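Chemist: Quick one: the structure is below, and I'll ask about it shortly.
The values are calculated or read from the model by the stated rules, or taken from the named source; none is laboratory data. These numbers were taken from a predicted model, which means no experiment stands behind them. Every residue, glycine among them, receives a Cβ derived from its backbone with ideal geometry; neighbour counts consider all protein chains shown. Just the protein is used for accessible areas: all its heavy atoms, side chains included, with ligands, DNA and RNA removed. Shrake-Rupley method; radii C 1.70, N 1.55, O 1.52, S 1.80 Å.
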Amino acid sequence: MTMLQGFQIALHALRLNPLRSFLTMLGIVIGVASIVTVFAIGAGAQLRLQEQIRSIGANVLMITPGAVYQGGVRLKDGSKLTMTEGDVQAILEQIPEIQAAAGSLAGTAQVIHEGKNWNTTINGTTTGHFMVRDWQLASGRYFSGAEESGAGKVVILGSTVARELFADGDDPIGAQIRIMKVPLEVVGVLDRKGPAQDDVAFVPLATAKLRFLGSASNINRDSVAYIIAKVAGDGQMAGARSEIENLLRQRHRVPAGQEDDFKVQDPAAAMEAQQGAIRTVALLLVAIASVSLLVGGISIMNVMIVSVTERTREIGIRRALGGRMRDIRLQFLCEALVLCLLGGAIGVLGGVTLSMTVARMAGWVTSIDGQAIGLALAFSIATGLIFGFYPAHKASKLSPIEALKTE
Amino acid sequence: MTAASPPLISLQSVSRTYRTDGVAVTAVRNVSFEIAQGEIVAVMGPSGSGKSTLMNMIGLLDLPNEGAVYLQGADVAGLSEDRRSSLRARSIGFVFQSYNLLARHNAIENVALPLVYCGIARKERLARAEASLQAVGMLHRAHHFPRQLSGGEQQRVAIARALIASPLIVLADEPTGALDSRTGAEILALFAALNRTGQTIVMITHDPGIATQCRRTIRLHDGELVADETQAMIPPKRNAVS
Ligand SMILES: Nc1ncnc2c1ncn2[C@@H]1O[C@H](COP(=O)(O)OP(=O)(O)OP(=O)(O)O)[C@@H](O)[C@H]1O
Ligand SMILES: [Mg+2]
């Protein structure tokens, strides 16, 4: 008997009892579906993080406001803008490892161009920002010195905003757009950096303060919300970091022993750590899903054992008609394999559907790769072989004479 | 048949003892006989006299504890389990009292089953199964399932299955035991017709009327061979009394 014949016999047997066959493979279906889904969500989360890490740029330090004490009460981090343009200058001038640095103020606003409008992040910064993030222009230019110092009414658009405001073939450069009733000239459009990064419009820092954020209570003339700085080389990150900390502690007159009113972070490193955590959680979830596969395997073994008992006479007949022990074993192994493969295939379909649903409903990024599907199917084949072997072996060991005597 | 060629089946001092919980039951004791190509042999004896045990050994389903069974001169004890299985598929055709058709397969699939174990492709299997069903007059029921067939019809299908691989010998264990006398007679007539075409047949029966229609009768009692008679009524080509 060939493998093919084994599968034909198996399919025939399973078709006779479709409900039972389906219930038998349900554990495998659920197990494989959860593995595929967990993989897809985990891989999606990793992709998103990787994109963020890439978008920040290499060797970037980020300085954000830290704890602030007001009359002995510790306020929430970032509740007061403690960083200033002076800090940016000092970091640039006094720390040799720093190649570029820029302060930013950001908020959200509606941007309008002719009939179209779009809600996006408005980031007030300097050209240094683009240097730090290695962010190239798709067209146009960065801010000029005069625009930066004179609060020029100019804007550089992220590719998403450019796409939303301008029709295809309509060149944004030189066009007038409006943000909070202020007309601005588009001088540049940035390269794509990733869906989460491209939805932004940059204006000169001075423009942001003067035109958009001037009335905000927690802002004084000099403050910025955060600073990003580019370090020359990989090996200098730690050194640059402590130099910035020392410099800012001096400048902010942080008393010895008190918490800094700023935080220096290495976002790429933090995200890489986060990525590791995601991987760990995903692996844990896969392990849990595998338990379902195990339960599915046991359920298949159970049903196969019952089936062997029920079909003892059939086994006797097949043996008397010339079936070898290995033919009987192959027949039942094929049944277990078909159950597992079918269950695995349904599980893959279910998992793909589920992760696409999750992606749509929860807005998570999911990513289905062939590797995860292959792995899940390999798992189910292995389950079929492992849990199908014992019943098949048991069937093949039956004495044909005894088997023929059973009712 | 030339004198040099060995008999189809030869049993020499065959004994088969079952041991259950220390109790030994000798089902077949020191039995010797030969069956030549083309014979039709009835095996008779009271219940428990060892008829089925004997037939299982001839059919390579079981091996003797003592003595030897030769198939075409070859000691079957020397064959591997797999080899004996393959020989069953090609050389032995079983017919059972309870038909033993697979309930979930239709007639033609049941008939074709032994060929699965001969490694024959599906198309040829079905073609040969049709021919075999035709030979027993059941071709018109090829796609019926066993539960849709009467006992006599099921037994015809079972005989078609036993014949499909053109076996050296057909072994029938009380093939008419579950049938009324008229249907039994029809089945018996079918066996007789097959035998006239040269098919070797060994048939266990309790019915003396059936036995008299076979040229040769072997009688067992308590596992021992007590008689091996060949009727002179139809002059035999060869007398195989041992
Ligand atoms: N597997 C077994 N274990 C123990 N004893 C057995 C076994 N099979 C058969 N026997 C015994 O061997 C003896 C012969 O049994 P067998 O089935 O060959 O008889 P039989 O002539 O075919 O009887 P019947 O006409 O009732 O079918 C009986 O006494 C039976 O109890
Ligand atoms: Mg019997």
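Every residue, every condition in (1) more than 29 Å from residue A:392 (Cα to Cα); (2) not polar (S, T, N, Q), yes or no:
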position	(1), (2)
A:6	no, yes
A:21	no, no
A:28	no, yes
A:34	no, no
A:39	yes, yes
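Chemist: Quick one: how many residues across region B:81-101 are in contact with a helix residue (DSSP H, G or I) (Cβ under 6 Å, 6 or more places away or on another chain) and among the polar types (S, T, N, Q)? Walk me through how you get there before you give the answer.
Modeler: To start, the set of residues in region B:81-101 that are in contact with a helix residue (DSSP H, G or I) (Cβ under 6 Å, 6 or more places away or on another chain) comprises B:89, B:93-95, B:99-101.
If we keep only those that are among the polar types (S, T, N, Q) too, we end up with B:100.
Going through region B:81-101 one residue at a time, the tally reaches 1.
So that you can scan it fast, the table gives a plain yes or no per residue for (1) of a type outside the set (D, E, K, R); (2) buried (at least 17 other Cβ atoms within 10 Å of the Cβ):
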site: A:130; (1), (2): yes, yes
site: A:157; (1), (2): yes, yes
site: A:163; (1), (2): no, yes
site: A:170; (1), (2): no, no
site: A:177; (1), (2): yes, yes
site: A:191; (1), (2): no, no
site: A:198; (1), (2): no, yes
site: A:205; (1), (2): yes, yes
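Chemist: Identify the single condition in (1) open to solvent by 20 Å² or more (accessible area, probe 1.4 Å); (2) in contact with a strand residue (DSSP E or B) (Cβ under 6 Å, 6 or more places away or on another chain); (3) within 16 Å of ligand 2 (Cβ to nearest atom); (4) not aromatic (Phe, Trp, Tyr) that residue B:75 does not satisfy, given that it satisfies every other one.
Modeler: (3)
Chemist: Given the conditions (1) within 16 Å of ligand 2 (Cβ to nearest atom); (2) buried (at least 17 other Cβ atoms within 10 Å of the Cβ), report the number of the one that residue B:98 does not fulfil.
Modeler: Failed condition: (2).
Chemist: Among the residues that make up region B:16-31, is at least one of them of a type in the set (Gly, Ala, Ser), touching a helix residue (DSSP H, G or I) at 6+ places or on another chain (Cβ under 7 Å) and within 11 Å of ligand 1 (Cβ to nearest atom)?
Modeler: Among the residues of region B:16-31, at least one is of a type in the set (Gly, Ala, Ser), touching a helix residue (DSSP H, G or I) at 6+ places or on another chain (Cβ under 7 Å) and within 11 Å of ligand 1 (Cβ to nearest atom), which makes the answer yes.
Chemist: Right, here's the next one. Out of A:213, A:190, report the one residue that is under 22 Å from residue A:63 (Cα atoms) and among the hydrophobic types (A, V, I, L, M, F, W, C).
Modeler: On the way: A:190 fails: under 22 Å from residue A:63 (Cα atoms).
The unique qualifying residue is A:213.
Chemist: Pull up region B:116-130, narrow it to residues that are outside any loop (DSSP other than H, G, I, E, B) and more than 9 Å from every other protein chain (Cβ to nearest Cβ), then point me to the one that is least open to solvent (accessible area, probe 1.4 Å). Break it down into steps so the answer makes sense when it comes.
Modeler: Filtering region B:116-130 for residues outside any loop (DSSP other than H, G, I, E, B) gives B:116, B:122-130.
Restricting the remaining residues to those that are more than 9 Å from every other protein chain (Cβ to nearest Cβ) gives B:123-130.
On the way: B:123: 180, B:124: 91, B:125: 18, B:126: 48, B:127: 59, B:128: 75, B:129: 0, B:130: 90 Å².
Restricting to residues being outside any loop (DSSP other than H, G, I, E, B) and more than 9 Å from every other protein chain (Cβ to nearest Cβ), the top hit is B:129.
Chemist: Within region B:101-109, identify whether any single residue is open to solvent by 50 Å² or more (accessible area, probe 1.4 Å), within 16 Å of ligand 1 (Cβ to nearest atom) and of a type in the set (Asp, Glu), and answer yes or no.
Modeler: Just the residues of region B:101-109 that are open to solvent by 50 Å² or more (accessible area, probe 1.4 Å), to begin with: B:103-104, B:109.
Going one step further and asking which of them are within 16 Å of ligand 1 (Cβ to nearest atom), we end up with none.
No; the residues of region B:101-109 include none that is open to solvent by 50 Å² or more (accessible area, probe 1.4 Å), within 16 Å of ligand 1 (Cβ to nearest atom) and of a type in the set (Asp, Glu).
Chemist: Further question on the same structure: Just to verify a result, which residue in region B:186-225, among those that are open to solvent by less than 60 Å² (accessible area, probe 1.4 Å) and without any contact (Cβ under 8 Å) to a residue 24 or more places away in the chain, is farthest from ligand 2 (Cβ to nearest atom)? Even if it seems obvious, please write down each step before you answer.
Modeler: First pass over region B:186-225, keeping only residues open to solvent by less than 60 Å² (accessible area, probe 1.4 Å): B:187-195, B:198-205, B:209-211, B:214, B:216-218, B:220, B:223, B:225.
Narrowing the set further to residues that are without any contact (Cβ under 8 Å) to a residue 24 or more places away in the chain leaves B:189, B:193, B:209.
Details: B:189: 23, B:193: 25, B:209: 19 Å.
Taking the candidates together, the pick is B:193.
Chemist: Follow-up question, since we're still on this one. Which ranges mark the strands (runs of 3 or more DSSP E) fully within region B:25-105 that have 3 or more residues being within 14 Å of chain A (Cβ to nearest Cβ)?
Modeler: B:92-95
Chemist: Quickly run through region B:106-115 and pick out the residues that are of a type outside the set (Asp, Glu), within 9 Å of chain A (Cβ to nearest Cβ) and touching a His at 6+ places or on another chain (Cβ under 9 Å).
Modeler: B:113
Chemist: Tell me, which residue of region B:173-224 that is farther than 23 Å from residue A:317 by Cα and in a strand (DSSP E or B) is farthest from ligand 1 (Cβ to nearest atom)?
Modeler: B:216
Chemist: Pairs needed: first member in region A:319-330, within 7 Å of chain B (Cβ to nearest Cβ); second member anywhere, assigned to a loop (DSSP other than H, G, I, E, B) and of a type in the set (Ser, Thr, Tyr); C-beta distance under 8 Å; at least 6 residues apart or different chains.
Modeler: That search, which allows pairs on different chains as well, returns A:321/B:117; A:322/B:117; A:323/B:117; A:324/B:117; A:327/B:117.
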